1. Could you work out the percent of alpha carbon pairs in the stretch 1-87 separated by over 17 Å, rounded to a whole number?
2. Net charge around Ala58, counting only other residues with Cβ within less than 15 Å of its Cβ (Lys, Arg = +1; Asp, Glu = -1)?
3. So in the chain, what percent of DSSP beta bridges are antiparallel if you round to the nearest 5?
4. Distance check, please: which entries in Lys36/Lys87; Lys218/Lys247; Lys3/Lys36; Lys114/Lys230; Lys279/Lys313; Lys87/Lys114 exceed 19 angstrom between their Cα atoms?
5. Kindly give the semi-axes, whole Å and largest first, of the ellipsoid equivalent to the stretch 224-328, taking each as the square root of 5 times a Cα gyration tensor eigenvalue.
6. In whole Hz, what ³J(HN,Hα) sequence does the stretch 81-93 give by Karplus (6.51, -1.76, 1.60; θ = phi - 60°), x for Gly and Pro?
7. What percentage of all Cα-Cα pairs in the stretch 146-261 are separated by more than 17 Å?
8. Let me check I've understood the local charge: for Thr161, count other residues with C-beta under 9 angstrom from its C-beta, Lys and Arg +1, Asp and Glu -1. What total comes out?
Amino acid sequence: MKKRIQNIAVMTSGGDAPGMNAAIRAVVRSGVYYNKDVFGIYRGYEGLIEGDMERYSARMVSNIINRGGTILKTARSEEFRTVEGRKKAYENLVKNNIDALVVIGGDGSFRGMKVFAEEFDFPVIGIPATIDNDISGTDYTIGFDTAANTAMDAIDKIRDTASSHNRLFFIEVMGRDAGFLATYAGLAGGAEDILIPEKDRGIDSLVNSLRRSKRSGKTSSMVVVAEGEKSGKNVFEIARYVEENLKEYEVRVVIIGHIQRGGCPSVFDRVLASRLGIKAVEALLDGQYNMVTGFKSNHVIVYPLEQAITDQKGVSQELIRIIPILTT
Ligand code: F6P
């Protein structure tokens, strides 16, 4: 049932992603545009449980569209996993006369939001933001494009030293459950091979393929490895195995790590965040609750929260298929 919404709260939750600030700005400014009051909650669900929030004016989100991180801070909250924690969160929303909650975050944050919305019949909407791009129903999540570009820049730099020394590099990128970052950064960076959670590459077949390319005249190579690569081995174990079985190469390992989470958001992420932020507010005012805003086939959409957290999203077969063609 459509409720009267005057006060909207917004938070960022889970791992930060470049473009979260642009999304906060869009939520605050569209709220003000529609004559609503917008409250920023600090440190995600942690701050909500503690009642750490303040009213945001349009001017309070000036000069943030270009900044990485999140001005609202973020956290992964253990307490929000408990009924008691969620009850405290609900009481703080009621105490502050908040009518609806916007959560900018990834799948973990959305799961918490769904439980909360059902428990207290509270209007919520999610804006997908994670560098992993692993939220179903949207083609892209906020932060993925920037992070993929950051990883690609790192790979480009590693290429210089790899070719100068005739070395083989294993480069770990983030992505616990999905290989989007590894695939996009690896393809764009011209990696020799890409190991992702969606497909078991087989370590011996990797060794054979690297041996073949060495014999075909390649003097250096780079293999991009997603954090959650299917074999379950970490990047050091993979590198050691290859080194032991392919004596022709001197091997090095680089973990790009949290560098991928920082930095100025790209044009794509800023525009995506702005569009999804506005859509989230408009959907709430239109009575669409327990939903998520997304970007599908070049259109901004609103779809059920349930779909965002239950459907599986992984790197497409089409992308997986072209990796070996490009490294022939
Ligand atoms: O979910 C985003 C992500 O960046 C993952 O790719 C990574 O595995 C994880 O967060 C790291 O989390 P933390 O910063 O808490 O160590």
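1. In whole percent, the long-distance tail amounts to 50.
2. Net charge in that neighbourhood comes out at +3.
3. So the antiparallel bridges in the chain amount to around 25 percent.
4. Lys36/Lys87; Lys114/Lys230; Lys279/Lys313
5. So the three semi-axes of the stretch 224-328 are 40, 17, 14 Å.
6. 6, 9, 4, 4, x, 5, 5, 4, 4, 4, 4, 5, 5
7. 48 percent
8. Net charge in that neighbourhood comes out at +3.
A short reminder: the numbers here are calculations on the coordinates, not readings from a lab. On a predicted model such as this, the values are computed, not experimentally measured, just so you know. Please note: Cβ atoms are built from the backbone with ideal geometry, for glycine as well, and neighbour counts cover all protein chains shown.
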